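**Q** My questions will all concern the structure given below.
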Amino acid sequence: DAEITQSPRHKITETGRQVTLACHQTWNHNNMFWYRQDLGHGLRLIHYSYGVQDTNKGEVSDGYSVSRSNTEDLPLTLESAASSQTSVYFCASSDYQGTDTQYFGPGTRLTVL
Amino acid sequence: AQTVTQSQPEMSVQEAETVTLSCTYDTSESDYYLFWYKQPPSRQMILVIRQEAYKQQNATENRFSVNFQKAAKSFSLKISDSQLGDAAMYFCAYKGNTPLVFGKGTRLSVIA
């Protein structure tokens, strides 16, 4: 069955370190998204991609970057981790055709000390 | 920019009863999609139901149905015959020409 996976599921890091969160989907979807979830804010969009070599900034993109070198993967990099980036991160994917329904990965809990 | 508002941070329902979760949105677009996602304690985001704005008929999925009022920009979720497994956070989301925009969620408790 097609799926979307994230790794690691839990990560503890220190302020100032570079961190990369992986997202891999086997749906063969063109679109991929990264969100962060914080209490009282719901899910907020960080970056998204509509295809290979395409990346776009979302609502809360400062301090984050992504690159899309193939269809299956969209890694999220925190250039210099800050305590404000402690959150749960979700990756999602969707097909550009039809209803564009997004399917989500299981999430990564990141703690920045 | 589009916004999605869920005015009920928390709700509770007795097992086997019916509950309605509210959602309103603001947009100037005419073509769009609306979604309800469920997030149980496992954190997994699960699609509950989807509505296309061009369809007048309200979507239904087993015990879940929506009341879509396009003119009022309202999209409520009705859960019938509530079960303990329905306890979760529920997020309303809007999809137009930009990526999904989520509301802040409603936490639903089911009382046995």
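The values are calculated or read from the model by the stated rules, or taken from the named source; none is laboratory data. Only a predicted model underlies this, so the values are computations on that prediction, with no experimental measurement involved. Don't worry about glycine lacking a Cβ; one is built from the backbone with ideal geometry, like all the others, and counts go over all protein chains shown.
**Q** Quick one: B:GLU17 ticks every box in (1) within 14 Å of another protein chain (Cβ to nearest Cβ); (2) farther than 30 Å from A:THR108 by Cβ; (3) more than 13 Å from the chain's Cα centre (by Cα) bar one, so which box is it?
**A** Every condition holds for B:GLU17 apart from (1).
**Q** Still on this structure, please answer the following. For region A:20-48, give me each residue that is in contact with a strand residue (DSSP E or B) (Cβ under 7 Å, 6 or more places away or on another chain) and over 26 Å from B:LYS104 (Cβ atoms).
**A** Hits for region A:20-48 are A:THR20, A:ALA22, A:HIS24, A:GLN25, A:TRP27, A:HIS29, A:ASN30.
**Q** For chain B, give me every one of the strands (runs of 3 or more DSSP E) that falls completely inside it and has 1 or more residues that are surrounded by fewer than 13 Cβ atoms within 10 Å (Cβ to Cβ).
**A** So the answer is B:3-5, B:10-14, B:24-26, B:64-69, B:106-111.
**Q** Enumerate the strands (runs of 3 or more DSSP E) found wholly within region A:8-113, keeping only those where 1 or more residues are of a type in the set (D, E, K, R).
**A** Strands (runs of 3 or more DSSP E) meeting the threshold: A:10-13, A:31-38, A:42-51, A:54-57, A:108-112.
**Q** Out of region B:86-112, which residues are farther than 20 Å from B:TYR33 by Cβ, more than 10 Å from chain A (Cβ to nearest Cβ) and not hydroxyl-bearing (Ser, Thr, Tyr)?
**A** Those that are farther than 20 Å from B:TYR33 by Cβ, more than 10 Å from chain A (Cβ to nearest Cβ) and not hydroxyl-bearing (Ser, Thr, Tyr): B:ASP86, B:ALA87, B:ALA88, B:ARG107, B:LEU108, B:VAL110, B:ILE111, B:ALA112.
**Q** Please determine, by comparing only the residues of region A:68-86 that are over 11 Å from the mean Cα position of the chain (by Cα) and under 16 Å from A:PHE33 (Cα atoms), which one is nearest to the other protein chains (Cβ to nearest Cβ).
**A** Going through the qualifying residues, I end up with A:ARG68.
**Q** State the number of residues belonging to region A:18-58 that are in contact (Cβ under 8 Å) with a residue 12 or more places away in the chain, under 24 Å from B:CYS92 (Cβ atoms) and out of contact with any Phe, Trp or Tyr (no Cβ under 9 Å at 6 or more places or on another chain).
**A** Counting residues in region A:18-58 that are in contact (Cβ under 8 Å) with a residue 12 or more places away in the chain, under 24 Å from B:CYS92 (Cβ atoms) and out of contact with any Phe, Trp or Tyr (no Cβ under 9 Å at 6 or more places or on another chain) gives 1.
**Q** Here is a follow-up. List the residue pairs whose Cβ atoms are under 7 Å apart, where the first residue sits in region B:18-42 and is of a type in the set (Asp, Glu), the second is in a loop (DSSP other than H, G, I, E, B) and loosely packed, with under 12 Cβ neighbours inside 10 Å, and the two are 6 or more positions apart or on different chains.
**A** Short answer, once both residue conditions are applied: B:GLU29/B:ASN97; B:ASP31/B:TYR54.
**Q** Could you tell me whether any residue of region A:89-110 is of a type in the set (Gly, Ala, Ser), loosely packed, with under 15 Cβ neighbours inside 10 Å and either under 21 Å from A:PRO8 (Cβ atoms) or away from every other protein chain (no Cβ under 11 Å) (or both)?
**A** No, that holds for no residue.
**Q** Going residue by residue through region A:27-34, is there one that turns out to be among the aromatic types (Phe, Trp, Tyr) and at pLDDT below 95?
**A** yes
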